[in-house]
1. Being at the interface with another protein chain (Cβ under 9 Å from one of its Cβ atoms) and either surrounded by 20 or more Cβ atoms within 10 Å (Cβ to Cβ) or modelled with pLDDT of 85 or more (or both) is the filter here; which residues of region B:360-374 pass it?
2. Kindly indicate whether any position in region B:468-487 is within 13 Å of chain A (Cβ to nearest Cβ), in a helix (DSSP H, G or I) and free of Cβ contacts under 8 Å to residues at least 60 places away in the same chain.
3. Out of the residues in region A:81-95 that are within 14 Å of another protein chain (Cβ to nearest Cβ) and without any contact (Cβ under 8 Å) to a residue 40 or more places away in the chain, state the one that is surrounded by the fewest Cβ atoms within 10 Å (Cβ to Cβ).
4. Among the residues of region B:428-457, write down those that are free of Cβ contacts under 8 Å to residues at least 40 places away in the same chain, closer than 22 Å to residue B:555 by Cβ and not in a helix (DSSP H, G or I).
5. Could you check how many residues of region A:123-141 are closer than 22 Å to residue B:392 by Cβ and either part of a helix (DSSP H, G or I) or at pLDDT 90 or above (or both)?
6. Could you list, in sequence order, all residues of region B:375-393 that are facing chain A (nearest Cβ under 7 Å) and in a helix (DSSP H, G or I)?
7. What helices (runs of 4 or more DSSP H) completely inside region B:1-115 contain at least 1 residues that are within 60 Å of the chain's Cα centre (by Cα)?
8. Would you pick out the residues in region B:465-484 that are farther than 22 Å from residue B:356 by Cα and buried (at least 21 other Cβ atoms within 10 Å of the Cβ)?
């Protein structure tokens, strides 16, 4: 499935200069869900880098200028909490959102993340949450 | 006191008096002998005196006869002369009698000599008379008189000496008699005193011995009584119910716990048959069970807890019991009664049921988490796709989004369907395909399998199936695979093998993981309730419940493990019979 070819149109979120877009590192072991979420976030005006597991995510984080990280909790090898801990060690300031299918997560994991969200919430709320964690939005008009 | 010692004492108390009597008899015999001897001598002396006097009289008679003849010249007077012809023999006899007394013998010898001289004189005088000689010559007659006087004097001396001897001997006899009496009296006194003292000593000894033996016996009896009381109190105070019966199975004892459990008082239950007081049925099927006493009698040994029993109390209420019976034997090993020990396990049973429910709830919790994950993920994607359709209205990609969303919803449908399948439970055992059960358990655990990147291999013999409850069996395999997933390292392996030969009556299933193994000290407690090696995250009920389910299906479950670092593994081995147990018994019953 070639989501990259999907144009962004008809939204109040897609009019920004791509140079100014905030970069989101989106990590999930579920490939379809990850692709759809990445497309949605791109449609919402973000630049998205995707990774399918913890180690890949850490590599991408080091190699790119990431503004915010969106982590799935339950992943093979490293779960979201472990990835978050490593990320904090690299850069303590970058906001981290952990997404999970569970209603509750271990407390230490919740402390590591800036925000923990349950999967299945309205996409609008996710986007708003991401925005609220970003220091500012260049050219934000609303 | 031992019987030997008693005999010895008895022997001594007889022997000593006997010995004393013997000594006394000896003394008496000796004394009597002495006295007889002494009296014998007196008699002897009397005889000697009498014989001597007789002889003297004969001699005097002879002289008188001689004188008569000399005066009358008549022959008749010489009769006495002729009679004295045996004189020599009589003197010899007399001399023999006094042979022990030489002076007397000497005297008698002299008298005999003198008498023989007188005989010569007498013959001379007779001749003188017959020949008309001078037989009345004075001198001649005086000679005769002198001769006779000397003879008389001789006899008198002999008699006097004998008389004196007789007196001495009589005195001696009297003395001996007196001594005898004194010594007899003394000995008797001594004997009596000795007997009294000895008997007293012996009796006292005996009494003491007897007393101490009696005391020991009394103490022993008291001890025995105390022991009996102690055992009785012990039996009465133990928390377990105890019923004892005689060899015929009639009740002889019941403790308060047994009274409380059965609802029968001991007084009412005594002499009743055990099966009327201890009425039990199988908890699940309610079939009547063999009376524990009969079972003990049949097995001739201690019979441990049987199937889960329900005791029907006197008021027809029911309690769950665990029982155990044993024979009571006498010293020869003969059965003289039976003892039944049982316990009201109703609370335990209720608790176990609660625990089983807890485990079901915990399992439900785990499943819910799985479900949440399995459903939230596609729902999240569907939500995102719908949002994209909304904001990307009119795009040529909408159909693609919708198609994707449909696929995701299909996934949700699949998940809910398998969940429902999991919880649909039949009331009677059905044919369960083990491959399906294991696969559905794996589907449930897919998330954990993925998270652990576990290499799961399943090998099933074609058509491996058993009779049973699929939901329960799925619970067993979910638990076992879940444990294996917890144990293995990232990327570890789990091998599930299900082997069954076509004719075999059972199916063997092994679940092997290359996890860290189980510590040796944990193995005995592994299947106990509330035991967990997983800390907070484990309920400690999974294996216990699994074991219960497997046993309910008539099977067994056990574990092999190796925890050497680097080559550790654990293998759970489940054996399930192809036929469900109660169906087997029903089939057998029908066949019979």
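1. The answer is B:373, B:374.
2. Taking region B:468-487 and keeping what is within 13 Å of chain A (Cβ to nearest Cβ), we get B:485.
Retained after the next criterion (residues that are in a helix (DSSP H, G or I)): B:485.
Adding the requirement that they be free of Cβ contacts under 8 Å to residues at least 60 places away in the same chain leaves B:485.
Within region B:468-487, one or more residues are within 13 Å of chain A (Cβ to nearest Cβ), in a helix (DSSP H, G or I) and free of Cβ contacts under 8 Å to residues at least 60 places away in the same chain.
3. A:82
4. Those that are free of Cβ contacts under 8 Å to residues at least 40 places away in the same chain, closer than 22 Å to residue B:555 by Cβ and not in a helix (DSSP H, G or I): B:428, B:431, B:433.
5. 9
6. B:376, B:377, B:379, B:380, B:381, B:383, B:384, B:385, B:387, B:388, B:391, listed by residue number.
7. On the way: elements: B:3-72, B:79-83, B:87-97.
Ranges flagged: B:3-72.
8. Correct list: B:466 only.
The values are calculated or read from the model by the stated rules, or taken from the named source; none is laboratory data. Predicted model only: the values in this text are computed from it and were never measured. Reconstructed Cβ throughout: ideal geometry from the backbone, glycine too, with neighbour counts over all protein chains shown.
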